[in-house]
Amino acid sequence: MNTLNILIDEFFDNFTSEHTRLNYRSDLNHFLKFADQEFKLDLQSVEREHIIKYRNWLSEVGGQKQEGHAPKSIARKLAALSSYFDFLVEKGQRQFNPASSVKRPRLDVRSPTQALTKDQVRELLALIDNTKLSGALHSAMLILFFTSGLRKSEVLSLRYKNYREINEHKVIEFVGKGGKIGQKLVHPEAVAAIEHYLSLMRASGRSHQNEDWLFQPSHNPTDPKNLNKALNPRTLNEILNQYAKILGLNFSVSPHSARATFIGELLELGVDIYTVAREVNHSSVKTTQEYDKRRKKLSDSPVYKLKY
């Protein structure tokens, strides 16, 4: 096997996040397939011109249904390539990184983020039957999502010990992007929903221990006795879409929709964008600005504040 291909596994060992490893591996394989089909090249022979053609192909027809990829997806794929070539330079397998000078696309928002309105959130949560254990689970998770802005992976990886009290405040300690440990204040409505869920779990004979998963499936068809496990990410999306369908929403709803709703509501309430960016662990406020859906009213124009 080519030395460069052997080094691929070593490269992925650098990343602490399983999510990042999977995405970067997929992106690298995507480029290798393109390079082989278009140029009959391996990584040793790739030059800047090949990466530029790959970028242009992604932009024009490289996505699903022969449509172009979103700028953010293209930027991520190029970042994955650049990181790998940097790694090869460090290992003495390449003299330079051919992707380093390739211009990235502008990260304009191609389509609006699928956030919900406050009324839609209330109506969606009202559909849940909290008297059942499965409903209590759904309610606790969804209220936490809509009141915390946490990512799907951050919620699904929570253990019972991560839900704790500090100075009379309920907090969640979570592992964020890049393996960073974060701490989030839990909204009172989320506290009530989680406590209700925990009480129903105790009543069913499934009391939580410190190392247990906080949110556990109410049933497991493949292994009925194995319920102390993390929820399947796909299951969570199905739960959300199930309620969205009943509600009659004409767009797909996901945990990211809840995160977008959280960010948009804070901005709507007038919370400073830098504060919001810190709250949701965005490395740049430019990312946070993508979620700012506030209407720009002519009556709010700063022009009216001018007085000479």
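Values in this text are rule-based calculations from the coordinates and carry no lab data. Fair warning: this is a prediction, and the values are worked out from it, not measured in the lab. Glycine gets a Cβ as well: all are built from the backbone with ideal geometry, and neighbour counts include every protein chain shown.
Here is how the numbers come out for the structure above:
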quantity: Estimated FRET transfer efficiency when R0 is 22 angstrom, pair residue 52-residue 14 (beta carbons, to 0.05); calculated: 0.25
quantity: Fewest-first ranking of 145, 15, using other Cβ atoms within 10 Å as the exposure measure; calculated: 15, 145
quantity: Virtual spin-label span in nm between residue 196 and residue 72, 7 Å along Cα→Cβ; calculated: 3.2 nm
quantity: Residue-by-residue Karplus 3J(HN,Hα) for the range 214-219, coefficients 6.51, -1.76, 1.60, Hz, glycine and proline x; calculated: 5, 9, 10, x, 7, 7
quantity: Counting all C-alpha pairs of the range 212-255, share separated by more than 15 Å (%); calculated: 51 percent
quantity: Label zone at residue 153, where the point sits 7 Å out along the Cα-to-Cβ direction: the range 246-275 residues whose backbone N lies under 19 Å; calculated: 254-260
quantity: Ranked list, fewest to most other Cβ atoms within 10 Å of each Cβ, for 215, 39; calculated: 39, 215
quantity: Antiparallel DSSP beta bridges within the range 118-289, as percent of all bridges there, nearest 5; calculated: 100 percent
quantity: Nitroxide proxy distance, nm - points 7 Å out along Cα→Cβ at residue 287 and residue 132; calculated: 3.7 nm
quantity: Over the chain: helical MRE at 222 nm, DSSP H runs n ≥ 4 each giving -39500 (n - 2.57), nearest 500; calculated: -15500 deg cm²/dmol
quantity: When the range 118-289 is reduced to its Cα atoms, the Kirkwood hydrodynamic radius in Å; calculated: 16.8 Å
quantity: Angle in degrees between helix 255-268 and the longest Cα principal axis of the chain, rounded to the nearest 10; calculated: 80 degrees
quantity: Cut-off 13 Å between beta-carbons: net charge of the residues surrounding residue 255, Lys and Arg +1, Asp and Glu -1; calculated: +2
quantity: Degrees, to the nearest 10: 188-203 long Cα axis against longest axis of the chain; calculated: 70 degrees
quantity: Residues residue 7 and residue 227, FRET efficiency given R0 of 30 Å [Cβ-Cβ distance, rounded to 0.05]; calculated: 0.15
quantity: Placed amide H near residue 159: partners under 5 Å, 5+ positions off or other chain; calculated: 214
quantity: Estimated inter-spin distance, residue 33 and residue 79, nm [label 7 Å along Cα→Cβ]; calculated: 2.2 nm
quantity: Cα long-axis angle, helix 18-39 against the chain (0 to 90 degrees, to the nearest 10); calculated: 30 degrees
quantity: Cα convex hull volume per residue for the chain (Å³); calculated: 217 Å³
quantity: Ranked 134, 83, 207, criterion: other C-beta atoms within 10 Å, fewest first; calculated: 207, 134, 83
